[in-house]
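K.L.:
The structure is given below, and queries will be raised subsequently.
The values are calculated or read from the model by the stated rules, or taken from the named source; none is laboratory data. Since the model is a prediction, treat every value here as computed from it, not as a measurement. Cβ placement follows ideal geometry from the backbone for every residue including glycine, while neighbour counts extend to all protein chains displayed.
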């Protein structure tokens, strides 16, 4: 299996794509072909066995032992026993992807990426220290820090919007331990951080200087193909679990609903369909930064709009990097579209591309609708949603009203309610007199009976180790200073 850039044709091995992160031409690596699954042969597999199988189809320059070793080290006691539990509600199921150490779906891929990267760099004979550069809208940063902390031969530098994430998310990052970890808030939004980090990957003079100093760049963002492939696994797992329980028959279709910001999570589901998973509709749920849902409706990607800070902050994104991979998958001229995006802040895909996108549905949820949905689901079904999953629930309701489609839906639940305690509690209670989000964690537990995850139970006591906030124009200088 070889990988090419969305903006070019040069082929590389999966190990090269994982270590490189971003292609030299600025594109994202995609597989030259998509392997197929025999679903009937996977029914008896555990999650680890399924992950090993799927990864082996994509990472063909890794040995079977290397893949299994990475999988079993990643999905160990850090997760709950089921790894990805499923809650069955009326007419839809909730795929709980947040039972890793940092309480977000990013753990599903970032628990395994450090192992894959170490084995890839060893296989490629890389002697330089790998510097992981990561921009985060809240969840990727902590999951990446947790995965790479004290991993020999690496440094990890994370940039987050200082005013655009929850207090819980922020404290998770700024209290991170590890001699090789560096965390900075920026005066700007996620798009500012992501653009600055991408520019460093494309700065040939900087990369040449750093290589001579013994460093090479890589990424833990979803631009890295090593992030995307492990995410395919949980959609296959979710479908197979429904077959095992007799809820559907093998071959029956299922809809997938994903709260979406950078397009990576829903793209993983799209790759799963390409591999043979019978997904009928991809329901793309946006918050008020509705650039993706507007694109799905019109075929026009338009950045000329205000950036909004919402109560679903991990989706506060306008530049959705992974969309490039989807455009490549449906045969669009990515180079041409990216040039238009840079010069005009917008592009429109071809009529052929719009037809290819017919299995997608897009809509957005307002902040008020998000809070109202948390309240109604909790009161009527006894299930507590986080703000991002609530966005998905709202949009799914829009989809059903517009289409009448009652096909069973699998909703990707991307974070624990405890990561966004204030807004979740605001939805179900009037008791918000406290300013301290960590005290609100205890109140939320008392009101709902939902156990506080161990990883944040004593988070407030953790020392702040990374207090710095910098301007977005200082990102390059900050990285250079760290590596001197």
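K.L.:
Tell me the residue from 104, 120, 144 that is touching a strand residue (DSSP E or B) at 6+ places or on another chain (Cβ under 6 Å) and over 15 Å from residue 182 (Cα atoms), please.
P.N.:
Being touching a strand residue (DSSP E or B) at 6+ places or on another chain (Cβ under 6 Å) and over 15 Å from residue 182 (Cα atoms) holds for just one of 104, 120, 144, which is 104.
K.L.:
Another question about this same structure. So which residues in region 128-146 are touching a helix residue (DSSP H, G or I) at 6+ places or on another chain (Cβ under 9 Å) and farther than 21 Å from residue 190 by Cα, if there are any at all?
P.N.:
128, 130
K.L.:
How many of the residues making up region 298-325 are in contact with a strand residue (DSSP E or B) (Cβ under 9 Å, 6 or more places away or on another chain) and either surrounded by 17 or more Cβ atoms within 10 Å (Cβ to Cβ) or not in a helix (DSSP H, G or I) (or both)?
P.N.:
Final tally of qualifying residues: 16.
K.L.:
Here's a follow-up. Can you say whether residue 98 is at pLDDT 95 or above and closer than 29 Å to residue 336 by Cα, as far as the supplied structure shows?
P.N.:
Against the criterion (at pLDDT 95 or above and closer than 29 Å to residue 336 by Cα), residue 98 does not qualify.
K.L.:
Tell me, which residue of region 326-350 that is assigned to a helix (DSSP H, G or I) and free of Cβ contacts under 8 Å to residues at least 40 places away in the same chain is surrounded by the most Cβ atoms within 10 Å (Cβ to Cβ)?
P.N.:
337
K.L.:
Where residues in region 439-455 are under 27 Å from the mean Cα position of the chain (by Cα) and surrounded by fewer than 13 Cβ atoms within 10 Å (Cβ to Cβ), which of them is modelled with the highest pLDDT?
P.N.:
Filtering first and then ranking leaves 451.
K.L.:
Inspect all residues belonging to region 343-358 and state whether any of them is within 24 Å of residue 448 (Cβ to Cβ) and out of contact with any strand residue (DSSP E or B) (no Cβ under 9 Å at 6 or more places or on another chain).
P.N.:
The answer is no; no qualifying residue exists.
Here is a yes/no grid of residues against (1) at positive phi; (2) surrounded by fewer than 23 Cβ atoms within 10 Å (Cβ to Cβ):
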{"residue": "137", "(1), (2)": "no, no"}
{"residue": "140", "(1), (2)": "no, no"}
{"residue": "143", "(1), (2)": "no, no"}
{"residue": "150", "(1), (2)": "yes, yes"}
{"residue": "161", "(1), (2)": "no, no"}
{"residue": "165", "(1), (2)": "no, no"}
{"residue": "183", "(1), (2)": "no, no"}
{"residue": "198", "(1), (2)": "no, yes"}
{"residue": "201", "(1), (2)": "no, yes"}
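K.L.:
Here's a follow-up. Looking only at region 3-57, count every residue that is assigned to a helix (DSSP H, G or I) and touching a residue at least 12 places away in the same chain (Cβ under 8 Å) and tell me the total.
P.N.:
Of the residues in that region, 17 qualify.
K.L.:
Just checking, does region 391-413 include any residue being closer than 14 Å to residue 166 by Cβ and either crowded, with 23+ Cβ neighbours inside 10 Å or in contact (Cβ under 8 Å) with a residue 24 or more places away in the chain (or both)?
P.N.:
No, the conditions are met nowhere in region 391-413.
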